[in-house]
Every structure is written in structure tokens, then in C-alpha cells.
Amino acid sequence: MKIYTWESLKEFQQRDCKQKLIVIEGKVYDVTKFMHKHPGGAKLLGAYAGEDATDAWVALHNDKELVEKYMKPLQCGIVEDYEKHVSPSQADFRRLRQLAESSGWFRARPLFFIKYLLQCWAFELAAVLLLWQFGLHIWTVLPAALLLCTAQAQAGWAQHDYGHLSVFNSRRLNHIGHELVVGHMKGASSHWWNFRHFLHHSKPNVVGADPDINVPYLFLLGDKMPQEWGKRRRGFMPYNWQHDYFWLLGPPMLLPLYFHYENIYFIFKRGDWRDFVWTLSFFLKFFYVFNHFFPSWLATFGFYMLVRYLESHWFVACTQMSHIPMDIDRDQRREWLPMQLKATMNAEGGSFCRELLDHTVMLYLNGSPEPVAVTAQQACYPDAPQNSTGCRPQEDPLNGSPEPVAVTAQQACYPDAPQNSTGCRPQEDPLKVNIVSYFGSDIQQYSCAHFRPPTAPSSLFPTMPRHSYPLVQPHVKQLCARHGIPYVEKPLSTALADIIRSLKKSGELWLEAYQMPG
Ligand code: HEM
Ligand SMILES: [Zn+2]
């Protein structure tokens, strides 16, 4: 077996672009042929050629034993002194991953997710009942469209959970669940979504690799691309106005036009008839049901497009605010932790949303009684960071703290909420679903957790069930602080406004470069 130094491996990869070598846990794999059979897609492996793919590999597979069976025949070497090249932040991140695994944070609780599906069906049913009871009026059609748009948006976040194999502990059930939710409930191809989304996760905000920022000619994003395009006089749009025409070409077009086109193209190009049948079942159901209320197929189609138009605005706001205002660049071959955090930020509900909406419209699925002070047995480490549920961990796995102490009544916890893996019970009722987390957290790149919307955990640990995000989030923050990696958090309103601000800034950079004498 060949022994490579990092330098020789990189040099080899640069010399021989056809052969694709990737490194996982110090072993070198030749994936040149395998990549075309890879269930996660070929491009994903190609993007890591000549690089350490360990953290991406760990993050994106959840049945490692199965994957390792395929890896054995592909191994063609090892990297000399691999451990020496693992940076302190990388090592620390891997320890956090181990902690998350040993604490059971990757163990799915299927019941947690069922309520999301029930809610989607309830919204759909409400739309049907509204039109059925009150007939066709502007004041019934618009609310019905809004109800269906909510159902679609929620199903969108739900399919994300299945797509990342995080709802069931069986990968087969996750795959079937994904086909059902994305195909039958949303009318899209499961494989299309997987390929697109896994690419986004593996190289977020990387030009040429992340399809989510691939909008060339229409928009220029980030700082560097606009300057490059400006200097070379590329493109045909007045990019300095892109923050204005975004309202015409961005949200209104993405779902109603572009995603339909991409799905049809993908299904027919691959001949993916299974996805075709699932997708068709959605359209048959939709048109069969709603054609009862509308005078013609065309009118039903118009109603369908209205739903997609509304959903598209929701979707763009939710997904883009976490990424567009962040660093967008060509592949700098960064490590997993800094790469994800440079490309992702978290939006906080903000005091306005939290106070107003939390206390006005609450959906209690299952409430707990009053919080109580915890006992000395639930002693916590005093200088460990408080986690997002308001508790300090009982064990301090990463830092090493002095003696644990009993927490005070101010750190009161819900007694019948399940103890989390750090030994604390949450201060906020974890079973409560409030309106901010329901809508606001979705605004978190479909990575919503119950309380607040932490996107970074979903980027770093895509297969983690979302009910575990609040548990891991404080550790991620702590890790970032320790290694000087910025962990960007903003109020929801700022994050939304930043989509437009960043488009404007990129447009100005383009114009400046464009007008520079040549
Ligand atoms: C030699 C290297 C690799 C081998 C042999 C391999 C093998 C596999 C196998 C067998 C599956 C199917 C697993 C299942 O159905 O549960 C899979 C899925 C996947 N792999 Fe890999 N993989 C490799 C490297 C990578 C790397 C480096 C990445 C990320 C950059 C990656 C991302 C994915 C993704 C996203 C999936 C889809 C998960 C799913 O939906 O099932 N793989 N891979
Ligand atoms: Zn994702």
C-alpha cells in the first residue's frame, strides 16, 4: 500500500485530475470509478479530491458500517503522520462529535416528527373545508392558499429531516418516508433534492460546488465574484440593481418556475420512474381535490401557482438569510468546522417575535406543569456554559470544570421533561411548540429546533435529529469561542434585511469594478 505525504497527495491530485483520491481518517481511497455509483452523487466525491474528507464523510453518512464495506476495496494508501496534520479545532470538533454520539443525540425520536406531518395534513384539510363550506370568493381563496402554503412549507422542512435520515433509526424507513413526504406531499423528486442538497452541505457557499448559490448571470453574490465579473465585464444584468429586481426574479420565479423545470429535467434525464410516480401522485391528488371548487383546470392550475408563489417567498427568506449574507468564495479547501461557520449564521427569534408571538399564539401539543428548582443531585458545573434550555451541564466533557454545584431556583427546570444527556432538565417546556419556533425556526434554513433556530448544528451535523439541536448548540458556540471561529447570530429581522443588504453590497462592488478603467 502506498504511503503518501500530504504534499505528495495534493501534488499528485493536481497533476492527475482524472484520478480522484480522497482521504478519510488517514486512509487514501481511489474513488475514480466508484464516484459514479456513489449513492450520494459523483460530484460530492469529486469536490473532495485531494482533500481530507473525514468530517464530511462522518457528517453525511449515518450507517458507517455499511459504507465501510464499500470503502475497503477502494483503499489505495495511507497518509503519513496523518494525526500530526489534524488541527486543534478539528480534533476538538471530532471530540464533540463523539460526545454527541455517545450522548445519544443522534438517536431519532420518530414521534417528535409525526406531529409535523399531522400539522401539514391539518392545514391541507382546513383549506379544503374552507372552500367547501364558503365557496369561491377572494376571502376564501387567499386564506386557503395561505393554509396550503403553510402546509407546503412545513412539509418542506419535514422532508429535510427524512432526507438527512434523521427521523427513524432505520435508513430504509427514512428513505421511504422521504419519498412519501417530498414526492407525495410536495410533488418533487427525492433524488433531485438529495443530490442538490448534499452538494450544498458538503461545500456550502463554495462557488461552482454549492448549487444553492449558483445563480450566475441573474445575480452576483458575495464580495469576490462581483469584483471578478465587474473587472472582466462579464454578465448582462445591471447587477447594481439586483436588490430591486430580486423581487421580480428571485422569490416569484424560484419555486413556480425553476424548481418545476429542474425536477422535470432531473426525472426524465435519469429516467427515475419511481420518483415520477410519487410526484405524479401529488399532482393527481391536488388537481382531483381542488378541481371540485374551481370552474376549470386552468383556474385550479392558477390556484396551484398562487400557492407556490407564496411558498417561494417563504422558502427564499428562510433558506437564504442564513447563507447569502455570509462568505461566498471559490473553494478555499477549509476544514469542515470553519467552512460551515463561514457560510452559515443563526437567526434568533428576537425579542419582538419571542415576546409578542410566544405569548399571544401558542400551540401547546403537550405542556408540562410549572418549573421547579432542581435538587443537589442534579448538580451542575457552574462555569460550564449554560445550554440553550437554560441549564448548565452536569458533566463538563470538553473543558474540565471545578466541582459541580447545586443549581438555584432561578435555574428551575421542568420536572417531567426528559432529562437531557448532560443530566439537566430543560428550563423551558421542551414539548411546547410556540409560534416563533414554528415559523421563525423554519426561517432557519429548515433546520429548526423547538425553541430557537440554530442553523449551525444542522450544518455541522446534518444527520442529527432536530430535537437535539438545542443540546449541541452551546457546545458548538463554546468550541468556536475556544478556537476564535466566529459564530454569527442575528435577530430574525436583521437576518432577513441582510439578504437585501448583501445583494445591494455585491451589486455596488460589481459596479465599482466594472467602472474601473481597464
Ligand atoms: C470511499 C468513500 C465513500 C464511500 C465508499 C461511500 C459510500 C456510500 C454508500 C454505500 C452510501 C449509501 C448509504 C446508505 O444508503 O445508508 C453513501 C451515501 C452517501 N454518501 Fe458516501 N461514500 C463515500 C464518501 C463520501 C463522502 C466523502 C461524502 C461527502 C462529501 C459522502 C456523502 C454521502 C451522502 C450525502 C450519501 C447519501 C446518504 C443517503 O441518503 O443515504 N460520501 N455513501
Ligand atoms: Zn440539510
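The values are calculated or read from the model by the stated rules, or taken from the named source; none is laboratory data. The shown structure was predicted, so the numbers you read here are calculated from the model rather than taken from an experiment. Quick reminder, even Gly has a Cβ in these numbers, built from the backbone with ideal geometry, and neighbours come from all protein chains shown.
Here is how the numbers come out for the structure above:
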read-out	value
Matching residues, the stretch 170-203, being outside any helix (DSSP H, G or I) and within 12 Å of ligand 1 (Cβ to nearest atom)	Ser170, Lys203
Single condition His178 does not satisfy, out of (1) within 16 Å of ligand 2 (Cβ to nearest atom); (2) within 18 Å of Asn291 (Cα to Cα)	(2)
Qualifying residue in the stretch 147-161 (condition: crowded, with 17+ Cβ neighbours inside 10 Å, within 24 Å of Asn62 (Cβ to Cβ) and over 18 Å from the mean Cα position of the chain (by Cα))	no
Single unsatisfied condition, Phe268 versus (1) modelled with pLDDT under 95; (2) exposed (fewer than 14 other Cβ atoms within 10 Å of the Cβ)	(1)
Hey, His164 within 12 Å of ligand 1 (Cβ to nearest atom) and either assigned by TED's automatic domain parsing to the domain that holds His467 or closer than 17 Å to Tyr265 by Cα (or both) or not	no
Among the residues listed as Ala126, Ala53, Ala49, Ala42, the single one being away from ligand 1 (no atom under 14 Å from the Cβ) and of a type in the set (A, V, I, L, M)	Ala126
Residue match in the stretch 66-83 (condition: surrounded by 14 or more Cβ atoms within 10 Å (Cβ to Cβ) and within 16 Å of ligand 2 (Cβ to nearest atom))	no
Every pair of residues 6+ apart whose Cβ atoms lie under 7 Å, when the first sits in the stretch 504-515 and is at positive phi while the second is β-branched (Val, Ile, Thr)	none
Considering residues of the stretch 118-134 that are surrounded by fewer than 19 Cβ atoms within 10 Å (Cβ to Cβ) and in contact (Cβ under 8 Å) with a residue 60 or more places away in the chain only, the residue farthest from Thr463 (Cα to Cα)	Trp132
Pair list, Cβ < 7 Å and 6+ apart or interchain, from the stretch 10-35 residues that are in the same structural domain as Ala56 (by TED's automatic domain parsing) and outside any strand (DSSP E or B) to residues that are surrounded by 20 or more Cβ atoms within 10 Å (Cβ to Cβ) and of a type in the set (Val, Ile, Thr)	Lys20/Val31; Glu25/Thr54; Gly26/Val79; Val31/Ile22
Lys72, sole failed condition from (1) over 21 Å from Phe461 (Cα atoms); (2) in contact (Cβ under 8 Å) with a residue 12 or more places away in the chain	(2)
Helices (runs of 4 or more DSSP H) within the stretch 418-518 that include 2 or more residues modelled with pLDDT under 95 and within 23 Å of Val167 (Cα to Cα)	455-460, 469-483
